[in-house]
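Comments concern the structure below.
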Amino acid sequence: MMYGIGIDQIEVARVAERLARESGLKESLFTPGEIAYCEGKRYGAQHYAARYAAKEAFFKAIGTGWRGGVGFGDIEIINDRQGRPACVLHGQARRLADDNHIVAIQVSLTHIQDLAAAIVTLET
């Protein structure tokens, strides 16, 4: 059963500029695995922006926003062997999902030179 759906879009340049300007921001928004993945890409800023959008979309889908102690680092976007994105929850995000009986999370990412977007669905 569908619990929630969230969508977000962001400018790639906006994310790239903030990450370059604000010391420690990358580490507070992204997990070490996400950083390694994005840094290994030719256009890493597009991948960072898509992951940021997915985290925002998760907050919209769960219905809490940033409340309840859930941080960006609690939401990790990974890719399987075929490149399909998936969402792994940690800490407070995992507890929130468990409390709301979330059993499946679907995530789709897209990016072009200037924009990145993501959609997240949560199922009970």
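The values are calculated or read from the model by the stated rules, or taken from the named source; none is laboratory data. Since we're looking at a predicted model, the values are computed, not measured. Ideal geometry is used to build each Cβ from the backbone, glycine not excepted, and the neighbour counts take in all protein chains shown.
Observations
- Selected residue [hydrophobic (A, V, I, L, M, F, W, C), touching a helix residue (DSSP H, G or I) at 6+ places or on another chain (Cβ under 6 Å), at pLDDT 95 or above and not in a loop (DSSP other than H, G, I, E, B)] from 49, 36, 93: 49
- Residues in region 82-89 include none that are touching a His at 6+ places or on another chain (Cβ under 6 Å) and closer than 21 Å to residue 7 by Cβ.
- Annotation: residue 121 fulfils all but one of (1) in a strand (DSSP E or B); (2) over 15 Å from the mean Cα position of the chain (by Cα); (3) among the hydroxyl-bearing types (Ser, Thr, Tyr); the unmet one is (2).
- Residue 61, sole failed condition from (1) under 19 Å from residue 2 (Cα atoms); (2) in a loop (DSSP other than H, G, I, E, B): (2)
- Which listed residue, of 82, 113, 92, is under 15 Å from residue 37 (Cα atoms), surrounded by fewer than 20 Cβ atoms within 10 Å (Cβ to Cβ) and of a type in the set (S, T, N, Q): 82
- Top-ranked residue in region 96-118 [being free of Cβ contacts under 8 Å to residues at least 24 places away in the same chain and in a strand (DSSP E or B); ranked as farthest from residue 43 (Cα to Cα)]: 104
- Unique residue being modelled with pLDDT of 95 or more, of a type in the set (Val, Ile, Thr) and outside any helix (DSSP H, G or I) when the list is 88, 70: 88
- Restricting region 63-95 to residues that are of a type in the set (Gly, Ala, Ser) and in contact with a strand residue (DSSP E or B) (Cβ under 8 Å, 6 or more places away or on another chain) leaves a set whose member that is nearest to residue 40 (Cα to Cα) is 86.
- Consider region 73-85 and keep the residues that are more than 20 Å from residue 16 (Cα to Cα) and in a strand (DSSP E or B). The one that is modelled with the lowest pLDDT is 79.
- Top-ranked residue of region 13-39 - restricted to ones that are aliphatic (A, V, I, L, M) and surrounded by 11 or more Cβ atoms within 10 Å (Cβ to Cβ), ranked as farthest from residue 52 (Cα to Cα): 20
- Restricting region 23-32 to residues that are at pLDDT below 95 and out of contact with any helix residue (DSSP H, G or I) (no Cβ under 9 Å at 6 or more places or on another chain) leaves a set whose member that is farthest from residue 71 (Cα to Cα) is 23.
- Of all residues in region 1-12, exactly one satisfies the criterion of being among the small types (Gly, Ala, Ser) and more than 13 Å from residue 53 (Cα to Cα), namely 4.
- Of the residues making up region 87-108, those that are hydrophobic (A, V, I, L, M, F, W, C) and under 14 Å from the mean Cα position of the chain (by Cα) are 87, 88, 89, 93, 105, 107.
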